[in-house]
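**Q** Before I ask anything, here is the structure I am working with.
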Amino acid sequence: MSLLEDTKTNSISRPRYGCAIGATHTAAAIPGVIPITHCGPGCADKQYVSLAFYNGFQGGGYSGGAVPPSANISENEVVFGGDNRLRELIQASTKIMAADLFVVLTGCIPDIVGDDIPSVVSEFQQKGVPIVYAETGGFHGNNLVGHETVVRAIIDQFIGDYSGNKIKNTVNVWTEVPYQNTYWRGDLGEIKRILKGIGLKVNILFGHDSKGVTEWLDIPKAAFNLVISPWVGLGIAEHLQNKYNQPYLHIPAIPIGALETSEFLRKVSKFAGLNSKSTEEFIAKEEESYYKYVEDFSDFYSEYWWGVPARFAVVSDSIYSLSITKFLVKQLGLISVKQIITENTPEEYKEQIREEFRHIDHDVNLEVEFLEDGYLIEEALRTAAEKPAIIFGTTWDRDIAKELKGNIVEIGFPSSYEVVLSRSYVGYKGALSLIEKIFTVAISASA
Amino acid sequence: MKRINLAATAVESREQRLGTIIGWDGNADSLAEESGYARKCTGRKGKACELCEVRGPFTQGSVCSEQMVECQAGNVRDAVLIQHSPIGCAVSQTIYNSIYRNGLAMRNLPVENLKIVSTNLLEQDMVFGGIEKLKQTLDDVIERYNPKAIFIGTSCSTGIIGDDIDSVAAEYTEQHRLPVVPLHCEGFRSKHWSTGFDSTQHGILRDIVRKNPKKQEDLVNVINLWGSDVFTPMLKELNLRVNYVIDMATVEDLAQMSEAAATVGFCNTLSSYLAQGLEQNFGVPELKAPQPYGIAGTDAWLRGLAKLTHREEPAERYIKKEHARIKPLIAALKLKLKGKKGYVATGSAYSHGLIAVMRELGIEVNGSLVFHHDPIYDSEDPAQDSLAFLVDNYGDVENFSVSNRQQHQFYALLKRVNPDFILIRHNGLAPLASRLGIPAAPLGDEHIAVGYDGIVNLGNAILEILQRRKFHEDLSKHVKLPYTKWWLEQTDPYIVARNPQLIYQD
């Protein structure tokens with residue numbers, strides 16, 4: 001444990017995640033699904049304007065933003081309970097909103113006063129309304145926790161039991177948390193593309209490449225689950241293993257760049273029992289294209305007069321932190337001077353993440369710090385043994401980057417000075433975009 | 001007894017003080033008639049008349065009072081705001097940080113992150129209380145930032161579990177000899193978020209404004225947000241200095257409010273409580289005049305301020321000079337904006353001002369949505385009846401609706417008037433307009449339409465966004481809206497509110 005980890009208190013400034021009800025965005029990320037928030041008047045807006053607007057300006061899409069029905073709970077429901085208010089809101093939502101599935105998410109108020117959400121929602125379920133509920137009061141945890149809660153709610157209350165056959169070569173993918181991970185839309189697109197490339201049928205489940213509710217109903221039929229993240233999604237995969245007897249493959253880092261991506265595809269291919277020849281053919285084709293672009297880039301990288309940054313720090317949630325650090329260290333040959341993981345990682349996963357960083361490359365081992373409070377994060381960067389010339393972080397880190405006379409690349413929540421549409425930083429194609437981003441930032445600030 | 005009572009730590013909500021409503025449908029003239037001022041309303045004083053409010057079973061997410069505390073108390077430069085809450089309330093530090101940074105940049109102040117700290121309450125705190133964590137965070141904040149003042153904002157959770165923040169604030173004020181200001185702003189306590197403005201202003205009036213002021217006869221408090229500095233050049237013409245509050249002010253700027261010669265604002269919704277608080281408790285007169293929009297409004301506003309500060313002569317010179325300067329500019333814009341139809345969807349009093357400016361520019365405005373309506377402001381002075389001023393000087397607005405950011409209602413409202421563009425300020429409505437092919441000008445710089453130059457500025461901003469119709473129209477052909485066919489067919493946006501039984505029909 002680092003010295004700064006020892007000085008943690010309950011205080012958190014400049015938060016890098018929302019609370020459990022931020023998982024309205026997990027629901028809204030599934031095409032055709034509309035969240036209903038049973039909470040105070042500001043809860044849904046706070047999460048929206050922060051996670052989906054001032055974070056890459058991702059946009060609310062069909063059912064995010066100011067769209068979700070919300071109880072806007074007032075004093076009356078605090079005193080007398082909110083069951084009737086919720087019942088009326090759901091009834092009205094079925095009349096006014098066009099949804100394939102409603103997901104009711106609760107805020108702190110009903111979770112404290114003890115509204116009976118299960119019984120209100122089950123009245124509608126019994127009438128055949130596609131609707132589930134998730135307990136997501138903010139004091140239960142953050143939006144990464146809420147993400148798993150919502151996914152499990154849909155699995156248990158909407159998809160239900162299944163004992164039929166599995167479909168060969170079909171996979172459910174559990175990886176980035178929609179909206180929290182600023183580049184999730186593009187990243188999921190690239191992950192789906194490369195998995196399809198080696199011959200898998202992919203249930204990507206969220207975003208524009210998902211078929212929505214019909215795809216979710218197919219979850220139990222998949223041959224296996226693929227978790228690409230240090231820990232988020234593992235609970236879901238374990239649950240699916242128990243519920244549907246589905247095995248899962250866990251790969252902690254999202255692959256970035258050809259080295260990592262090709263190795264990733266080989267692992268998946270082997271686990272799925274795919275034809276290794278066609279996997280290698282896809283890899284060869286992708287690598288051919290990838291390395292042509294990298295060759296073009298090498299002119300700049302080898303002889304740009306004014307130099308490019310070598311020392312970097314990453315301040316991010318573990319999923320992006322591990323993935324990006326691997327790429328920068330192993331494939332670009334950059335030097336990590338500080339690694340801070342910010343998502344409030346559950347204790348049981350910390351050691352495994354530390355180990356990943358300790359073996360980041362054959363000649364590089366790194367120590368990570370788990371810090372959530374913006375003040376301590378800034379202290380950690382300020383007191384790093386070596387100054388980072390470039391910080392991969394968030395808008396919160398702009399001030400310290402300026403103070404240390406370094407560059408900032410916003411890669412995580414909140415990224416309030418990035419506009420993100422389909423851009424991805426993962427896989428073969430995303431790696432090229434990441435290279436473009438890093439060095440454009442570095443040299444455009446140079447003169 | 002004073003109407004603005006600073007004895008209690010919690011502010012009285014808008015609906016208690018002013019009779020605020022968040023749902024209403026009709027025309028502006030009727031709303032002005034039915035509101036509490038003396039215009040026709042039986043001369044009833046004090047509490048506003050009871051307006052007939054339309055509220056139904058279906059609502060979409062709104063905004064809460066705590067957010068307004070966050071974006072005011074959390075944007076005082078050398079103070080720190082503590083959010084006594086679970087982490088979710090703190091997530092919106094993101095938006096208010098971005099706004100703060102861009103506001104600082106626009107005002108040529110050093111750009112920096114805001115300083116807000118959450119006590120980050122967890123499940124066990126809901127059972128055992130969060131006071132110890134609040135004390136820990138207070139200690140952290142004092143050690144780390146050495147602030148000139150600390151605000152403590154409450155949340156729904158801490159309001160329900162009943163944490164006694166007042167006692168802790170008093171204890172720390174005593175111990176550390178700095179203002180530690182409790183702000184009661186639980187979201188569920190008020191139906192409208194503007195109560196959050198009042199909560200912040202109440203705390204500042206109680207604990208920060210200097211009790212033994214040394215008068216500065218040329219200082220004017222300007223209650224604003226993050227807008228560009230348009231008041232300094234205007235007030236300079238009257239040999240007056242500007243004291244901008246609350247956003248981006250220092251604690252000293254807030255303390256010296258009691259020393260000013262007058263208090264003004266750009267929007268009655270925002271400034272009502274603070275301006276009256278200063279007048280009733282510190283003897284600083286509030287300017288009771290129309291808001292500074294359009295020629296008539298700006299003339300009256302300047303004359304009112306000149307009278308309060310005894311600067312009638314320079315004011316008249318300035319008004320004359322500006323009329324001459326602005327006339328040809330407006331005439332040129334009128335030609336370009338001829339035949340255009342606009343719609344305003346903003347905060348309440350701000351909309352009254354914007355409609356005036358648009359009509360000044362010859363733009364047709366036959367519809368507006370406001371997030372709430374205050375039938376009366378804290379001064380209860382008819383001179384501040386901004387809606388009546390609009391109707392009396394610029395005519396009625398046929399479709400004037402109160403709807404608290406209810407996007408589903410906005411759909412039918414837009415269909416009613418079919419505007420060429422809309423003006424907006426808060427988020428959540430423009431995305432729907434965009435999907436219907438209608439461009440929006442988001443007035444991030446709230447001062448854009450203020451004063452004589454504001455007429456020209458707004459005209460130019462509208463010309464810029466009119467061209468963007470191409471983008472939105474193209475998009476509108478390729479989107480599906482999240483509403484049922486039944487809802488999209490309705491022409492009355494309030495049909496469900498008026499007939500709640502409809503939700504039970506197949």
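The values are calculated or read from the model by the stated rules, or taken from the named source; none is laboratory data. The shown structure was predicted, so the numbers you read here are calculated from the model rather than taken from an experiment. Note that we place each Cβ from the backbone using ideal geometry, even for glycine, and neighbour counts take in every protein chain shown.
**Q** Looking at the structure I just gave you, is B:V168 touching a strand residue (DSSP E or B) at 6+ places or on another chain (Cβ under 9 Å) and either of a type in the set (A, V, I, L, M) or not in a loop (DSSP other than H, G, I, E, B) (or both)? Walk me through it before giving the result.
**A** On the way: touching a strand residue (DSSP E or B) at 6+ places or on another chain (Cβ under 9 Å): yes; either of a type in the set (A, V, I, L, M) or not in a loop (DSSP other than H, G, I, E, B) (or both): yes.
For B:V168, the condition - touching a strand residue (DSSP E or B) at 6+ places or on another chain (Cβ under 9 Å) and either of a type in the set (A, V, I, L, M) or not in a loop (DSSP other than H, G, I, E, B) (or both) - is met.
**Q** So B:W193 passes all but one of these: (1) within 26 Å of A:Y375 (Cβ to Cβ); (2) within 12 Å of chain A (Cβ to nearest Cβ). Which condition number does it fail?
**A** With (1) within 26 Å of A:Y375 (Cβ to Cβ); (2) within 12 Å of chain A (Cβ to nearest Cβ) applied to B:W193, the lone miss is (1).
**Q** Return the residues of region B:135-160 that are more than 9 Å from every other protein chain (Cβ to nearest Cβ) and either among the polar types (S, T, N, Q) or in a helix (DSSP H, G or I) (or both); say none if nothing qualifies.
**A** Selection gives B:K135, B:L138, B:I142, B:E143, B:N146, B:T154, B:T158.
**Q** Next question. Test B:L205 against the stated conditions and say whether it is assigned by TED's automatic domain parsing to the domain that holds B:I116, in a helix (DSSP H, G or I) and of a type in the set (A, V, I, L, M).
**A** No: the conditions fail for B:L205.
**Q** Something else: Quick one: in region B:47-85, of everything that is acidic (D, E) and at pLDDT below 95, which residue is farthest from the chain's Cα centre (by Cα)?
**A** Only one residue fits best here, namely B:E50.
**Q** Follow-up. Just one of B:F471, B:F400 is within 19 Å of B:Y350 (Cβ to Cβ) and at pLDDT 95 or above; which is it?
**A** Selected residue: B:F400, the only one of B:F471, B:F400 that is within 19 Å of B:Y350 (Cβ to Cβ) and at pLDDT 95 or above.
**Q** So which residues in region B:374-390 are of a type outside the set (A, V, I, L, M, F, W, C) and either part of a helix (DSSP H, G or I) or within 11 Å of B:A28 (Cα to Cα) (or both), if there are any at all?
**A** Once the filter is applied, which keeps residues that are of a type outside the set (A, V, I, L, M, F, W, C) and either part of a helix (DSSP H, G or I) or within 11 Å of B:A28 (Cα to Cα) (or both), region B:374-390 yields B:P382, B:Q384, B:S386.
**Q** For B:L463, state whether it is buried (at least 21 other Cβ atoms within 10 Å of the Cβ), of a type in the set (A, V, I, L, M) and more than 10 Å from chain A (Cβ to nearest Cβ).
**A** In short, no.
**Q** Moving on to the next point. Sort out which residues of region A:66-90 are at the interface with another protein chain (Cβ under 7 Å from one of its Cβ atoms) and either aromatic (F, W, Y) or in a helix (DSSP H, G or I) (or both), and write them in order of number.
**A** A:E75, A:V78, A:E88, A:L89, listed by residue number.
**Q** Give region A:403-429 a look and list any residue that's in contact with a helix residue (DSSP H, G or I) (Cβ under 9 Å, 6 or more places away or on another chain) and free of Cβ contacts under 8 Å to residues at least 40 places away in the same chain, or say none.
**A** Listed by number, the residues that qualify are A:E403, A:L404, A:I408, A:V409, A:Y417.
**Q** A further question on this structure: Of these, A:R358, A:R398, which one is in contact with a strand residue (DSSP E or B) (Cβ under 8 Å, 6 or more places away or on another chain), among the basic types (K, R) and farther than 23 Å from A:W174 by Cα?
**A** On the way: A:R358 fails: in contact with a strand residue (DSSP E or B) (Cβ under 8 Å, 6 or more places away or on another chain).
None of the other options fit; the residue is A:R398.
**Q** Here's another thing I want to ask about it. Can you tell me how many residues within region B:55-88 are within 24 Å of B:L205 (Cβ to Cβ) and either outside any helix (DSSP H, G or I) or facing another protein chain (nearest Cβ under 8 Å) (or both)?
**A** So the answer is 17.
**Q** Separate question: For A:D115, work out the one condition from (1) assigned to a loop (DSSP other than H, G, I, E, B); (2) of a type outside the set (A, V, I, L, M, F, W, C); (3) within 11 Å of chain B (Cβ to nearest Cβ) it doesn't fulfil.
**A** (3)
**Q** What's the total number of residues in region B:486-505 that are within 12 Å of chain A (Cβ to nearest Cβ) and either closer than 26 Å to B:P439 by Cβ or under 30 Å from the mean Cα position of the chain (by Cα) (or both)? Show your work before the answer.
**A** Within region B:486-505, the first condition is being within 12 Å of chain A (Cβ to nearest Cβ), and the residues that meet it are B:486-490, B:493, B:495-497, B:499-505.
So of that shortlist, the ones also either closer than 26 Å to B:P439 by Cβ or under 30 Å from the mean Cα position of the chain (by Cα) (or both) come out as B:487-490, B:493, B:495-497.
Total meeting the criteria: 8.
**Q** Out of all the residues in region B:487-494, is one or more more than 20 Å from B:V365 (Cα to Cα), among the charged types (D, E, K, R) and modelled with pLDDT of 95 or more? Give the derivation first.
**A** So in region B:487-494, the residues more than 20 Å from B:V365 (Cα to Cα) come out as B:487-490, B:494.
Among the residues that remain, those that are also among the charged types (D, E, K, R) are: B:489.
Applying the additional criterion that residues be modelled with pLDDT of 95 or more yields B:489.
Scanning region B:487-494, I find at least one residue that is more than 20 Å from B:V365 (Cα to Cα), among the charged types (D, E, K, R) and modelled with pLDDT of 95 or more, so the answer is yes.
**Q** Scan region B:208-251 residue by residue and report those that are without any contact (Cβ under 8 Å) to a residue 12 or more places away in the chain and in a loop (DSSP other than H, G, I, E, B). Before the answer, list the steps.
**A** First pass over region B:208-251, keeping only residues without any contact (Cβ under 8 Å) to a residue 12 or more places away in the chain: B:212, B:232-233, B:236.
B:N212 - this is the single residue of region B:208-251 that is without any contact (Cβ under 8 Å) to a residue 12 or more places away in the chain and in a loop (DSSP other than H, G, I, E, B).
**Q** Which residues, counting only those in region B:112-125, are at the interface with another protein chain (Cβ under 8 Å from one of its Cβ atoms) and not small (G, A, S)?
**A** Answer for region B:112-125, where residues must be at the interface with another protein chain (Cβ under 8 Å from one of its Cβ atoms) and not small (G, A, S): B:E112, B:N113, B:K115, B:I116, B:V117, B:T119, B:N120, B:L121, B:L122, B:E123, B:D125.
**Q** Next up: So which residues in region B:432-460 are without any contact (Cβ under 8 Å) to a residue 24 or more places away in the chain and surrounded by fewer than 19 Cβ atoms within 10 Å (Cβ to Cβ), if there are any at all?
**A** Selection gives B:P442 alone.
**Q** Okay, moving on. Just name the residue that is nearest to A:I194 (Cα to Cα) out of those in region A:390-406 that are surrounded by fewer than 24 Cβ atoms within 10 Å (Cβ to Cβ) and more than 12 Å from every other protein chain (Cβ to nearest Cβ).
**A** A:G406
**Q** At the interface with another protein chain (Cβ under 9 Å from one of its Cβ atoms), on the phi > 0 side of the Ramachandran plot and small (G, A, S), is that true of A:G22?
**A** When the stated conditions are applied, A:G22 does not pass them.
**Q** Please list, ordered by residue number, the helices (runs of 4 or more DSSP H) wholly in region B:391-506 having 2 or more residues that are under 27 Å from B:E33 (Cβ atoms).
**A** In region B:391-506, the matching helices (runs of 4 or more DSSP H) lie at B:407-417, B:495-498.
**Q** To continue, here is another question. Output yes when any residue across region A:99-111 is in contact with a Leu (Cβ under 9 Å, 6 or more places away or on another chain) and assigned to a loop (DSSP other than H, G, I, E, B), and no when none is.
**A** For region A:99-111, residues in contact with a Leu (Cβ under 9 Å, 6 or more places away or on another chain) and assigned to a loop (DSSP other than H, G, I, E, B): absent.
**Q** Tell me, please, whether a residue that is outside any helix (DSSP H, G or I), touching a residue at least 24 places away in the same chain (Cβ under 8 Å) and among the basic types (K, R) can be found in region B:306-319.
**A** For region B:306-319, residues outside any helix (DSSP H, G or I), touching a residue at least 24 places away in the same chain (Cβ under 8 Å) and among the basic types (K, R): present.
**Q** Moving on. Report, by residue number, each residue of region B:466-485 that is within 11 Å of chain A (Cβ to nearest Cβ), touching a Lys or Arg at 6+ places or on another chain (Cβ under 8 Å) and surrounded by 15 or more Cβ atoms within 10 Å (Cβ to Cβ).
**A** B:L481, B:T484
**Q** Looking at A:S93, is it closer than 23 Å to A:I159 by Cα, assigned to a helix (DSSP H, G or I), without any contact (Cβ under 8 Å) to a residue 60 or more places away in the chain and within 9 Å of chain B (Cβ to nearest Cβ)?
**A** So A:S93 fits the description; yes.
**Q** Also, quick follow-up: Conditions first: (1) out of contact with any Cys (no Cβ under 6 Å at 6 or more places or on another chain); (2) closer than 23 Å to B:H84 by Cβ; (3) at the interface with another protein chain (Cβ under 7 Å from one of its Cβ atoms); (4) in contact (Cβ under 8 Å) with a residue 60 or more places away in the chain. A:I34 passes all but one, so which condition is the exception?
**A** Looking at each condition in turn, A:I34 falls short on (2).
**Q** Taking region A:282-300 as the region of interest, how many residues are in contact with a Phe, Trp or Tyr (Cβ under 9 Å, 6 or more places away or on another chain), closer than 13 Å to A:G197 by Cβ and surrounded by fewer than 16 Cβ atoms within 10 Å (Cβ to Cβ)?
**A** Count: 1.
**Q** I've got another one for you. Step by step: first the residues of region A:157-187, then only those that are under 16 Å from the mean Cα position of the chain (by Cα) and part of a loop (DSSP other than H, G, I, E, B), then the one that is surrounded by the fewest Cβ atoms within 10 Å (Cβ to Cβ). Which residue is that?
**A** Pass one, region A:157-187, residues under 16 Å from the mean Cα position of the chain (by Cα): A:172-187.
Checking the rest, the ones that are also part of a loop (DSSP other than H, G, I, E, B) come to A:175-177, A:179-180, A:182-183.
On the way: A:T175: 23, A:E176: 28, A:V177: 29, A:Y179: 33, A:Q180: 29, A:T182: 27, A:Y183: 27.
Among those residues, the one meeting the criterion is A:T175.
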